[in-house]
Amino acid sequence: MAARSRPDATERVMELVMYLLARDVPKTREEIWRDTGLYAPDGTTDKRQLDSARASFERDKALIRNLGVRITESIEHDGATSYTIRREDYFLPDLQLTPDEQLALRFAASRVDIGETWDLEAVAKLTSTEAGAGAEGGAAAGGGDAAGHNAESLSADVALETAAAQQTAGSLLPKLAAAAAERAQVRFAYGGRRRDAQPLGLLCRAGYWYLAAREDDVVKTFRVDRMESDADVGERGAFARADVDVAALLPSEPMEIDFGDDFVARVQIDTTMAQQPTAERGRVVERHDDGSVTVTVRVRNRAAFRVWLLDMGRHAVVESPPELVDEITSWLRALASDAGDGDR
C-alpha cells in the first residue's frame, strides 16, 4: 500500500481525535496506524520510520491530553494497550444558558482583550443569539474605544456565522473521519444531487470543515456543513488508499478559499501594524515615508477579509475597489448608528 502523504501536525491530531471518537471499541496503536495511515506506511519494518512514527504518536497523544481531552487506555488480553476517546469525555454538555446569561457571557468576553480570538470562538459555540452591533463609520476598520468594542462585536458576528456551520458539521465529522480511515465509500446529498465518493481525509480552513474525496476519479473538496443529508457509509476497504496531499487541496490562507467572491482589495496599513504578521498576508505594492505600506490582497472569502481587516483595527484603511470601500463604509456607519442608540 502506498504511504499516505502526511498532513500537518494540527490536521493529524484532529484526525486522530475524530478517529478515536468514532470507534465503538478501543483500538491498539497498530490498528490506529493501519486504519489512519497517519504515522507509518502499512507493514513497514524500517526502524527509522517506526521510531519516528512512535515519537509522533506519543507527541500527538500528549498534545491531545494537554488540550484537556481525556484518552482512555485499556490493556488487551495480549498485553497491548488500546485507546479510545469517550464522547462524554469530549463533548461539552448543554449548559442550558438563558438568553440573558448568553448576553452576559458575550459582554464579559468582549471586555477582555487578550489579542486572540479564542474567546469569541468559545462564546460562539456556547451561545445562539445574534451578535450585537456597533462600529465607527468610515472605511477604516475601527478607531477609539467604541470602535474597539465594535470591532469585537463584528468579529463575534463572523464567529457566530461559522459556529452554526461547525454545529452542523459536528455530527458528521466522526463518521467521515472513520470512513476515510477505513477506506469506506460514502454517499451523501450535496449541491442538489447524490454523491458517491471515496473519502481521503478532512481539512479545516477558516472555521469550516471540508471532506477531501475522490468522485468520478476526480479529487474534490466538499464543505461538510453544506452536505444536505446524513452520510451513508459503505463497506470497509472498498478502495485503495490514495497518495494524495490532502492538505494542499485548499489554500492555507482563508481569504483565498473560494466562497463565491473574487476581487483584489487595496489596503493602506499604518506604521503600527505594517511589520506585523497580520499585515504580511497582503502583497506590499507601496512603501511610504512615514513607515506605512499599501498592500493588495486577493479575496475569495469576504468574511475572512473582514476578520483580517478587523484584526488591525483603526490601523488599516480600505482604498479600493470603490464598491468595497462603499460597502465597508456603509456597513460600519449603520453599526455605529445602532451603537449610538444605547448607552455604551
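The values are calculated or read from the model by the stated rules, or taken from the named source; none is laboratory data. On a predicted model such as this, the values are computed, not experimentally measured, just so you know. Using ideal geometry, Cβ is built from the backbone for each residue, glycine included, and neighbour counts are taken over all protein chains shown. The accessibility values were calculated without ligands, DNA or RNA, using every heavy atom of the protein model including side chains. Shrake-Rupley method; radii C 1.70, N 1.55, O 1.52, S 1.80 Å.
Mind listing just one residue for me: the one in the range 24-65 that is in a loop (DSSP other than H, G, I, E, B) and within 17 Å of A80 (Cα to Cα) and, of those, least open to solvent (accessible area, probe 1.4 Å)? Walk me through it before giving the result.
Looking only at the range 24-65, we keep the residues that are in a loop (DSSP other than H, G, I, E, B), and these are 24-26, 37-46.
With within 17 Å of A80 (Cα to Cα) added as a condition, the list becomes 25-26.
Details: V25: 83, P26: 53 Å².
Only one residue tops the list, namely P26.
Output yes when any residue across the range 286-297 is of a type in the set (G, A, S), more than 28 Å from L200 (Cα to Cα), part of a strand (DSSP E or B) and at pLDDT below 90, and no when none is.
As a first pass, look at the range 286-297 and keep what is of a type in the set (G, A, S): 291-292.
Still in the list and also more than 28 Å from L200 (Cα to Cα): 291-292.
Now drop any that are not part of a strand (DSSP E or B), which leaves none.
Checking the range 286-297: not a single residue is of a type in the set (G, A, S), more than 28 Å from L200 (Cα to Cα), part of a strand (DSSP E or B) and at pLDDT below 90.
Hey, does the range 15-22 have a residue that's at negative phi, open to solvent by 30 Å² or more (accessible area, probe 1.4 Å) and modelled with pLDDT of 85 or more?
Taking every residue of the range 15-22 in turn, none turns out to be at negative phi, open to solvent by 30 Å² or more (accessible area, probe 1.4 Å) and modelled with pLDDT of 85 or more.
So, in the range 68-81, how many residues would count as being under 29 Å from the mean Cα position of the chain (by Cα) and farther than 14 Å from L21 by Cβ? Give the derivation first.
Restricting attention to the range 68-81, the residues satisfying the condition of being under 29 Å from the mean Cα position of the chain (by Cα) are 68-73.
From what is left, the residues that are farther than 14 Å from L21 by Cβ are 68, 73.
Counting residues in the range 68-81 that are under 29 Å from the mean Cα position of the chain (by Cα) and farther than 14 Å from L21 by Cβ gives 2.
In the range 173-201, how many are at pLDDT below 90, in contact with a Pro (Cβ under 8 Å, 6 or more places away or on another chain) and of a type in the set (A, V, I, L, M)?
3
Please enumerate the residues belonging to the range 227-261 that are on the phi > 0 side of the Ramachandran plot and modelled with pLDDT under 80. Outline the logic, then answer.
Looking only at the range 227-261, we keep the residues that are on the phi > 0 side of the Ramachandran plot, and these are 237, 260.
Correct list: G260 only.
Within the range 263-285, track down each residue that is part of a loop (DSSP other than H, G, I, E, B) and without any contact (Cβ under 8 Å) to a residue 40 or more places away in the chain.
Matches in the range 263-285: T271, A274, Q275, Q276, P277, T278, G282.
Select from the range 182-206 the residues that are without any contact (Cβ under 8 Å) to a residue 40 or more places away in the chain and under 30 Å from V307 (Cα atoms) and list them in ascending order.
Y190, G191
For the range 205-237, give me the residue count where each residue is under 12 Å from L249 (Cβ atoms), in contact with a strand residue (DSSP E or B) (Cβ under 9 Å, 6 or more places away or on another chain) and open to solvent by 30 Å² or more (accessible area, probe 1.4 Å).
Final tally of qualifying residues: 4.
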